[in-house]
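Chemist: Structure incoming, see below.
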Amino acid sequence: MNIKRKNLIIIGIMFILFGSYVSLDWSRLFLINSNTIRYIDSFRVVKFLKLTVSFLCLLLAFTTYNCSITKTDSKRIRVAFIAIFLGDLSFTTGHTTLGIVTFAIGQLLISFRNSNGIKKYFNSKSFLKDKLYISIILITLLIIDIFLLKIVFYSNIDNQMVMWGFTLYSLVLCLSVFISWLSIKIGYFPKVNSIMILVGMSFFFLCDFTVGYGILADNIIFKEIATSSTWIFYTPALILLSTSSYDYNKCK
């Protein structure tokens, strides 16, 4: 099958599934009334549809064939998406702690993949010219991370271990986002792929924020809104990152 046609079919299926589970997720808000005292978990069918989308993105990462950017990049993106899928599987089966740990590993693997060419970049003159850009991105991410941890998360955390867990994961996530914004300057990936990586990881950041807040929130409505928003960000993040491994000049 033609690579482009294969990707369009898979992405088309994912958008159909996306519309289904987003609608069902947000429908939970209409089930809340004055007598509701417990959080309404996602429906089983919704969890299955979400896991299906995660698997389809894993499939996209594994079926670049002769359209991959490089063999090295193809191997790295496959390993990263195996970790991401296992993380989704852990969350789906109720193993939240295992899911968080697996996603932390997945973020490190994504960072490693997105950092292709970084050593050569740091040894080049381009790095010196981009110092202002790098400083702005790094400082902005740290300010956002500290603000969210202090204002949103720490105020809702009583357990010291959980607090350190959130802090450590947030640093791993920020590193991954920082490298994605740096990839556009490194020049290893084609311009369109760098933009896909940058936007995909930015969506990933928003997704993980809603996951964290959804775990900690006490207010039922806020919790429902947070968990209903997660896959609105996560779906495009997965699609953009998994398809960023394709060299679209080869796939013409």
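Chemist: Identify unpaired cysteines across the chain, taking unpaired to mean no other cysteine Cβ lies under 4.7 Å from the residue's Cβ.
Modeler: 57, 174, 207
Chemist: Between the DSSP loop rule and a limit of at most 16 other Cβ atoms within 10 Å, which chymotrypsin sites (Phe, Trp or Tyr not before Pro) in the stretch 178-252 are left? Spell out each step's value before the answer.
Modeler: Numbers: sites: 178, 181, 188, 203, 204, 205, 209, 213, 222, 231, 233, 234, 246, 248; in loops: 188, 248.
Here the chymotrypsin sites (Phe, Trp or Tyr not before Pro) that fit, given the DSSP loop and packing criteria, are 248.
Chemist: With +1 on each Lys and Arg Cβ and -1 on each Asp and Glu Cβ, how big is the dipole of the chain about its Cα centre, in debye rounded to the nearest 20? Let's see the in-between values first.
Modeler: Values: 24 positive and 11 negative charges, 252 e Å.
The calculation lands at about 1200 debye.
Chemist: Still on this structure: Towards the positive end of the charge dipole of the stretch 3-243, with charges on Cβ (+1 Lys, Arg; -1 Asp, Glu), say which of 84, 194, 33 has the farthest Cα.
Modeler: Of 84, 194, 33, it is 194.
Chemist: Now for a different question. Could you check which residue among 237, 217, 80 shows the biggest mean-square fluctuation in a GNM of the chain with a 10 Å Cα cutoff?
Modeler: 217
Chemist: Only Cα pairs within less than 10 Å get springs; with that Gaussian network setup on the chain, which residue of 28, 44, 113 has the largest fluctuation?
Modeler: Greatest mean-square fluctuation among the candidates belongs to 44.
Chemist: Among (1) 18.9, 64; (2) 17.6, 52; (3) 28.7, 116, which is the computed Rg and Dmax of the Cα atoms in Å?
Modeler: (1)
Chemist: Can you send over the carbon and sulfur percentage of the accessible area for the chain, probe radius 1.4 Å, protein chains only? Could you put the intermediate results ahead of the total?
Modeler: Numbers: 9370 of 13300 Å².
So the carbon and sulfur contribution to the accessible surface is 70 percent.
Chemist: In debye to the nearest 20, how big a dipole does the stretch 112-195 give about its Cα centre with +1 on each Lys and Arg Cβ and -1 on each Asp and Glu Cβ?
Modeler: Numbers: 9 positive and 3 negative charges, 124 e Å.
Here the size comes out at about 600 debye.
Chemist: Right, something else. Which of the chymotrypsin sites (Phe, Trp or Tyr not before Pro) found in the stretch 1-91 are in a DSSP loop and have at most 14 neighbouring Cβ atoms, other than their own, within 10 Å?
Modeler: Values: sites: 15, 18, 21, 26, 30, 39, 43, 48, 55, 62, 65, 81, 85, 91; in loops: 39, 43.
When the chymotrypsin sites (Phe, Trp or Tyr not before Pro) of the stretch 1-91 are filtered for loop state and at most 14 Cβ neighbours within 10 Å, 43 remain.
Chemist: Here's a follow-up. For the stretch 77-136 and the stretch 1-24, write down the distance between their C-alpha centroids in whole Å.
Modeler: The stretch 77-136 and the stretch 1-24 have Cα centres spaced 24 Å from each other.
The values are calculated or read from the model by the stated rules, or taken from the named source; none is laboratory data. Model, not experiment: these values are computed from the prediction. Every residue, glycine as well, gets a Cβ built from its backbone with ideal geometry; the counts of neighbours run over all protein chains shown. Keep in mind that these areas ignore ligands, DNA and RNA; they rest on the heavy atoms of the full protein, side chains included. Shrake-Rupley method; radii C 1.70, N 1.55, O 1.52, S 1.80 Å.
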